[in-house]
1. So how far apart, in nm, are the two label points at Val60 and Leu191 if each is 7 Å from Cα heading toward Cβ?
2. Find the centroid of the Cα atoms in the range 179-233 and in the range 1-68, then give the distance between the two in whole Å.
3. Expressed as a whole percentage, what fraction of the accessible surface of the range 1-115 belongs to carbon and sulfur atoms when a 1.4 Å probe is rolled over the protein heavy atoms?
4. Stretched out fully, how many nm does the piece from Ile39 to Lys150 gain, at 0.36 nm a residue minus the Cα gap?
5. Quote the accessible area belonging to Asp38 in square angstrom, nearest 10, computed with a 1.4 Å probe and with ligands, DNA and RNA left uncounted.
6. If you work out volume of the Cα convex hull per residue in Å³ from the coordinates, which of [x] 131; [y] 153; [z] 123 do you get?
7. In a shell of Cβ-Cβ distance under 14 Å around Ser111, excluding Ser111 itself, what net charge do Lys and Arg (+1) and Asp and Glu (-1) give?
8. May I ask you to give the solvent-accessible area per residue for the chain, in square angstrom, as obtained with a 1.4 angstrom probe?
Amino acid sequence: MIFPPPPAQWISNKPGRNFVLIHGMVMAPAFWTVFAPDITLQGRTVAYPLPGHHPWSLPVPGASLTADDVVDAMARAIARDFSGEPVNLVGHSTGGFLSLLLAVRRPDLVSSVVLLGGFACGRFEGKERFAARMLRVPRVGPYVFRHFFKRWISTREQFRWGSIECVYDKSCPWEDDRASEAMEMVRADLLRTRPEDIAACVQFMSSTSILADLPDVTIPVLNLIGVHDAIVP
C-alpha cells in the first residue's frame, strides 16, 4: 500500500525556526489557527493532520496502518516542506505520541519535541474511551463506533458538548468567539472524514507503544501535562 504524505496547512511562513504542529485524535489542523503556541507564529510553521483525518485520507477506506507507514509518510512531508531540515515538533495528545514516534524512528529530522498532554503508549488500561473499547468488539464494534462518531459531529452543539467532556475543569474559560469558530472549522473537516479511517487510526494507536524506546531518545523533550488530566495518567 502506497501511503501518501500528509498535506500541509501553513500556520506561519516567516524566516526563523521550523515547527511542525500535530493535533490530537478526532481533531483537525484548523485547531492550531487559534491554539498554536505564540513562538510558532514567529517562524516557518506547518500543521499536519493525523492519519485518516481529513484531508489526509487513507489510500483505501479503513486500511490498516503500521508505525513504518506513518513515520515514512511524515518524513516525506517534512522533507517536502522543509527541504529536509530538522523541525521542532509540537504535538497535542495523540499528536504528541506521533511526535515521539518520529523522534524515535527519525531523529535526523527532529530538533526538539514539545508534548501537550502527550504519551508514549497508545492504550491506557482503565482509561480508554468507550469508542476505542467498542472497536475491539467483533463485528458490532466498528458499526457502533461509526454511529457514535457521526452522531458526535452531526451538529455544532453536539460536537461542543462532546469536546467539553474531554476537559477536566469544565469551568475553564477556554471558549471565546475565535475558539468557537476554530472548533466549527474542525467539525467541518471531520464531516469530510471517513469514520472507518478514524477507526483505523484509533486501532493503530491502541496497538502501538514506544515506552521501551524512550531511554534512547537524546533529542530535548518537554512534556506539559495537567496533574488532573482525565485521559493521560
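The values are calculated or read from the model by the stated rules, or taken from the named source; none is laboratory data. This structure is a prediction, so every number in the text was calculated from the model and none was measured. Counting neighbours? That spans all protein chains shown, and the Cβs are built from the backbone with ideal geometry, glycine included. Side chains included, ligands, DNA and RNA excluded: accessible areas come from the protein's heavy atoms. Shrake-Rupley method; radii C 1.70, N 1.55, O 1.52, S 1.80 Å.
1. 3.1
2. After rounding, the separation between the Cα centres reads 12 Å.
3. Ligands and nucleic acids excluded, carbon and sulfur give 55 percent.
4. 36.4 nm
5. 120
6. [z]
7. Within the 14 Å Cβ shell, the charges total +1.
8. Here the residues of the chain average 49 Å² of exposed surface.
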